[in-house]
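The values are calculated or read from the model by the stated rules, or taken from the named source; none is laboratory data. The structure presented is a predicted model; accordingly, all values stated were derived computationally and were not measured. Every residue, glycine as well, gets a Cβ built from its backbone with ideal geometry; the counts of neighbours run over all protein chains shown.
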Amino acid sequence: MKTKMTEMFGIEHPIMQGGMHYVGFAELAAAVSNAGGLGTITGLTQKSAADLANEIARCKDMTDKPFAVNLTFLPIVNTPDYPGYIKAIIEGGVKVVETAGRSPEQYMPLLKDAGIKVIHKCTSVRHALKAQKIGCDAVSVDGFECGGHPGEDDIPNMILLPRAAQELEIPFVASGGMANGMSLVAALAMGAEGVNMGTRFIATQEAPVHQNVKDAIVAASELDTRLVMRPLRNTERVMNNAAVERLLEKEKQLGDKLQFTDIIDEVAGVYPKIMENGTMDAGAWSCGMVAGLIHNIPSCAELVNSIMSEAEDIIHQRLSKLG
Ligand SMILES: Cc1cc2nc3c(=O)[nH]c(=O)nc-3n(C[C@H](O)[C@H](O)[C@H](O)COP(=O)(O)O)c2cc1C
């Protein structure tokens, strides 16, 4: 299937794997890219620019297909060495950067001068328009159902995607709640050029996370995520667990007085414990409502191929027969 997304990134199928903290290592990025999609290494999971350079080199050993690096600009106390990370990306020959969190405006000249395609992840039409204005090549539109940070507007993709289609001139991909061929066809119908998936790619053979994480996603239903940190205007959709229930109780009790330090035990430094050690109650970890649609742990190639064949069947069999 050819779309503006496959053309822009030089990939076979319009399916991207979004950056994911402690999940987006070279193994997953390479597996997704080898399956014909666009895999993504998560920049900030690498502790230094040198580590990122090494991770990019590892990925290139595993695939000769294009892959992306995610750079997340979030409110972090000690600002990471973004110029150093960007240097590693440019020197590593990476051709696509997925930016997220804050506007990448400051870094656009560096990225564009190096011929890198920038896809910015946004949770609102106004942020997508800003991304377009500052020269991003594409945006990834992340609906309220997404795993991770859905923003504060709470607009689900059934509204957000057609709104993006009404306003944007640059291509966009649909992110949040995407899992199968139905999602892809729906996304295309709403004006997107493809899909970006997070949670669905964690439950794959190649995702380098503890088996407990994959099993937790398969076991979860669409009712099992919660929104945390809304009082801090840093809302995150996470899988419910004992730590999340504790966190939500603190939010209830402290109301507007809640500060980050009150919930630090439940959110800071928890990813390695969960993703590497499989200690599932160690804290809050991002997970999308789409967990309710995930019932197996295929290889990335099986997943991508099944999405594509289901999508083609829907388009050529079911939809074309509607007359
Ligand atoms: C465990 C996990 C970690 C994530 N970490 C990041 C991150 O570090 N940076 C980022 O831009 N997005 C991050 N995301 C968001 C994903 O890239 C993607 O936008 C989102 O998962 C899409 O929603 P879905 O889970 O419904 O597919 C994360 C998502 C998950 C599930």
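So if I check each of Val173, Val209, Val244, which one is closer than 23 Å to Ala268 by Cα and within 17 Å of the chain's Cα centre (by Cα)? Step through it out loud before you land on a result.
Details: Val173 fails: closer than 23 Å to Ala268 by Cα; Val244 fails: within 17 Å of the chain's Cα centre (by Cα).
Residue meeting the stated conditions: Val209.
If you check Gly283 against the conditions, is it outside any helix (DSSP H, G or I), closer than 12 Å to Val213 by Cα and within 16 Å of the ligand (Cβ to nearest atom)? Let's see the steps before the verdict.
Working: outside any helix (DSSP H, G or I): yes; closer than 12 Å to Val213 by Cα: no; within 16 Å of the ligand (Cβ to nearest atom): yes.
Against the criterion (outside any helix (DSSP H, G or I), closer than 12 Å to Val213 by Cα and within 16 Å of the ligand (Cβ to nearest atom)), Gly283 does not qualify.
Per-residue answers, yes or no, for (1) surrounded by fewer than 24 Cβ atoms within 10 Å (Cβ to Cβ); (2) within 15 Å of the ligand (Cβ to nearest atom); (3) within 20 Å of Arg246 (Cβ to Cβ); (4) of a type in the set (D, E, K, R):
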site: Asp265; (1), (2), (3), (4): yes, no, yes, yes
site: Ala268; (1), (2), (3), (4): yes, yes, yes, no
site: Ile274; (1), (2), (3), (4): no, yes, yes, no
site: Gly278; (1), (2), (3), (4): yes, yes, yes, no
site: Gly292; (1), (2), (3), (4): yes, yes, no, no
site: Cys300; (1), (2), (3), (4): no, yes, no, no
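Can you tell me which residue is surrounded by the most Cβ atoms within 10 Å (Cβ to Cβ) among those in region 207-240 that are within 13 Å of the ligand (Cβ to nearest atom) and assigned to a helix (DSSP H, G or I)?
Ile217
Taking only pairs six or more apart or across chains, which ones have beta-carbon atoms under 6 Å, a first residue in region 57-75 that is among the hydroxyl-bearing types (Ser, Thr, Tyr), and a second residue that is in a helix (DSSP H, G or I)?
Thr63/Ala30; Thr63/Ser33; Thr63/Asn34; Thr72/Leu44
So, Val290, is that one among the hydrophobic types (A, V, I, L, M, F, W, C), assigned to a helix (DSSP H, G or I) and touching an Asp or Glu at 6+ places or on another chain (Cβ under 8 Å) or not?
Working: among the hydrophobic types (A, V, I, L, M, F, W, C): yes; assigned to a helix (DSSP H, G or I): yes; touching an Asp or Glu at 6+ places or on another chain (Cβ under 8 Å): yes.
Spelling it out, Val290 is indeed among the hydrophobic types (A, V, I, L, M, F, W, C), assigned to a helix (DSSP H, G or I) and touching an Asp or Glu at 6+ places or on another chain (Cβ under 8 Å).
So, of the residues in region 156-191 that are more than 14 Å from the ligand (Cβ to nearest atom) and assigned to a loop (DSSP other than H, G, I, E, B), which turns out to be farthest from Ser103 (Cα to Cα)?
Met190
Which ones in region 29-54 are within 29 Å of Ser306 (Cα to Cα), surrounded by fewer than 24 Cβ atoms within 10 Å (Cβ to Cβ) and of a type in the set (Gly, Ala, Ser)?
Ala30, Gly36
Yes or no: Ile116 at pLDDT 95 or above, more than 16 Å from the ligand (Cβ to nearest atom), closer than 21 Å to Ile202 by Cα and not basic (Lys, Arg)? Talk me through it step by step, then tell me what you get.
Numbers: at pLDDT 95 or above: yes; more than 16 Å from the ligand (Cβ to nearest atom): yes; closer than 21 Å to Ile202 by Cα: no; not basic (Lys, Arg): yes.
When the stated conditions are applied, Ile116 does not pass them.
Quick grid of which residues meet (1) surrounded by fewer than 17 Cβ atoms within 10 Å (Cβ to Cβ); (2) touching a residue at least 12 places away in the same chain (Cβ under 8 Å):
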site	(1), (2)
Val96	no, yes
Ser103	no, yes
Tyr107	no, yes
Asp113	yes, no
Ala128	no, yes
Gly135	yes, yes
Pro150	no, yes
Ile155	no, yes
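Hey, which of the helices (runs of 4 or more DSSP H) in region 1-104, taking only ones fully inside, have at least 2 residues that are closer than 30 Å to Ile264 by Cβ and more than 16 Å from the ligand (Cβ to nearest atom)?
In region 1-104, 49-62, 82-91 are the helices (runs of 4 or more DSSP H) which contain 2 or more residues that are closer than 30 Å to Ile264 by Cβ and more than 16 Å from the ligand (Cβ to nearest atom).
For region 144-153, state whether one or more residues are within 16 Å of the ligand (Cβ to nearest atom), touching a Cys at 6+ places or on another chain (Cβ under 8 Å) and either polar (S, T, N, Q) or within 30 Å of Glu91 (Cα to Cα) (or both).
Looking through region 144-153, none of the residues is within 16 Å of the ligand (Cβ to nearest atom), touching a Cys at 6+ places or on another chain (Cβ under 8 Å) and either polar (S, T, N, Q) or within 30 Å of Glu91 (Cα to Cα) (or both).
Yes/no per residue for (1) within 22 Å of Ser286 (Cα to Cα); (2) out of contact with any Ser or Thr (no Cβ under 6 Å at 6 or more places or on another chain):
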{"site": "Pro150", "(1), (2)": "yes, no"}
{"site": "Asp154", "(1), (2)": "yes, yes"}
{"site": "Leu160", "(1), (2)": "yes, yes"}
{"site": "Ala165", "(1), (2)": "no, yes"}
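Yes or no: Arg200 within 13 Å of the ligand (Cβ to nearest atom) and basic (Lys, Arg)? Before you say what the answer is, go through the steps one by one.
Working: within 13 Å of the ligand (Cβ to nearest atom): yes; basic (Lys, Arg): yes.
In short, yes.
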